[in-house]
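*Asks:* Pasting a structure below so you can have a look.
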Amino acid sequence: MEKDYYEVLSVSRDCSQEDIKKAFRKMALKYHPDRNKGNEEAEKKFKEAAAAYEVLGDSKKRAQYDQFGHAGVHSRFGQAGFQDVHDIFSSFRDIFEGGDFFGGGFNSFFGERAFSSGMKNAIRGADLRYRMEVSLLDVLRGANKVISYEVERGCDGCKGSGARPGTGTENCTECKGSGRLTRRQGFFAFSSTCPTCQGAGTIIKSPCGVCFGTGRRKKKEKLEVHIPPGVDTGTHLRLSQKGESGHRGGQPGDLYVQIVVKENSKLARQGSDLKGSVTISYLQALLGTKMQVDSLEGKKELVIPKGTQHGDFIMLRKEGLPELNSKKRGNLVYQVHIRIPVKLRRREEEQLREIAKSKGESVLNN
């Protein structure tokens, strides 16, 4: 079971976004692996804090988490998606920059390795979300659906460089092409993004006329998405690297497809079970009957035994929905409602009075 993200960061559920940010930075400093070499528990807490902040630090993700819990969100730094502790710094770089962290700037205690190996200027692309409605039949059988969405991709005019074709870029004279400015103060070295080139390390002298130097353009893309059987409202499908393109060689973000299951006019969903209702006469309840009822796969025969009571449930086993990532299937359950006539025909009433008399039951006279 995943831990509650608020408990991980030791904050209350009604705290501010700034409180969440401060709590994460405090834990990142305390449990960073470089400060706790060989301490697996510290590294585990560091990962948990990153996963919690990636969700709670985003107001939209936080709202989804508050409503749906862990089923409503995915963190790239959870157990499934986590690759390297230093990926956190390329994603939350702004958290560790600025004058209020370690007395001003990004501490080399974290920063030198976090942005080494050619990654110091790369920025990962933004994640995207797409809301998809599916039917109960899609939930039963699974489906492949084509979606169309708008996404930022590299500009075709300049091949993503931002520079006009035939021209190029020059190294930033301020940071000497590193994209960062570093100053030392005793034991610590403080690093911050170069304000001249905004961390790119290069300056564009002649911007592209198509993208105006950004190196990116909005494009519409189509993508086939597989909907597995058993999904429910709040299920998120992660499509790796189908989000916005990265900057300066950074990896693309991910696309999260949020599932919303449309209501069915005849059958209601309760987990993997489906529930419907049927109305019968009091005579059918007394004597039993058979009738055709709706299921997701057509009509099914429902046998109502003698003596059925109002409100009883009759189950058709394994006619419900599959469980996600399982071969198990729920049931189709019908609740019986008995219709009592307001007025009887004379002959019918006489017969019922004779029956009541033979049983010694007291009834009202005409």
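*Asks:* Got a number for residues in region 20-37 being among the aromatic types (F, W, Y) and touching a residue at least 60 places away in the same chain (Cβ under 8 Å)? Can you show your working first?
*Replies:* Start the filter on region 20-37 by keeping residues that are among the aromatic types (F, W, Y), which leaves 24, 31.
From what is left, the residues that are touching a residue at least 60 places away in the same chain (Cβ under 8 Å) are 24.
Count: 1.
*Asks:* Something else now. Among (1) under 30 Å from R141 (Cβ atoms); (2) surrounded by 15 or more Cβ atoms within 10 Å (Cβ to Cβ), where does Q284 come up short?
*Replies:* (1)
*Asks:* Among the candidates K60, K37, K44, K22, which residue alone is in contact with a strand residue (DSSP E or B) (Cβ under 9 Å, 6 or more places away or on another chain) and of a type in the set (D, E, K, R)?
*Replies:* K60
*Asks:* What do you reckon, is G215 of a type outside the set (D, E, K, R), at negative phi and open to solvent by less than 20 Å² (accessible area, probe 1.4 Å)? Before you say what the answer is, go through the steps one by one.
*Replies:* Numbers: of a type outside the set (D, E, K, R): yes; at negative phi: no; open to solvent by less than 20 Å² (accessible area, probe 1.4 Å): yes.
Against the criterion (of a type outside the set (D, E, K, R), at negative phi and open to solvent by less than 20 Å² (accessible area, probe 1.4 Å)), G215 does not qualify.
*Asks:* Specify the residue that is farthest from D232 (Cα to Cα); the eligible residues are those in region 315-330 that are surrounded by 17 or more Cβ atoms within 10 Å (Cβ to Cβ) and not acidic (D, E).
*Replies:* L316
*Asks:* Still on this structure: How many residues are among the basic types (K, R) and either open to solvent by 90 Å² or more (accessible area, probe 1.4 Å) or in contact with a Gly (Cβ under 9 Å, 6 or more places away or on another chain) (or both) when one looks only at region 294-314?
*Replies:* The total comes to 2.
*Asks:* Within the set of pairs 6+ apart or on separate chains, which have a first residue in region 276-288 that is modelled with pLDDT of 95 or more, a second that is among the aromatic types (F, W, Y) and surrounded by 13 or more Cβ atoms within 10 Å (Cβ to Cβ), and C-beta atoms under 9 Å apart?
*Replies:* G276/Y334; S277/Y334; V278/Y334
The values are calculated or read from the model by the stated rules, or taken from the named source; none is laboratory data. Given the structure is predicted, the values throughout are model-derived calculations rather than measurements. Don't worry about glycine lacking a Cβ; one is built from the backbone with ideal geometry, like all the others, and counts go over all protein chains shown. To get the accessible areas, we keep the full protein, side chains included, count just its heavy atoms, and leave off ligands, DNA and RNA. Shrake-Rupley method; radii C 1.70, N 1.55, O 1.52, S 1.80 Å.
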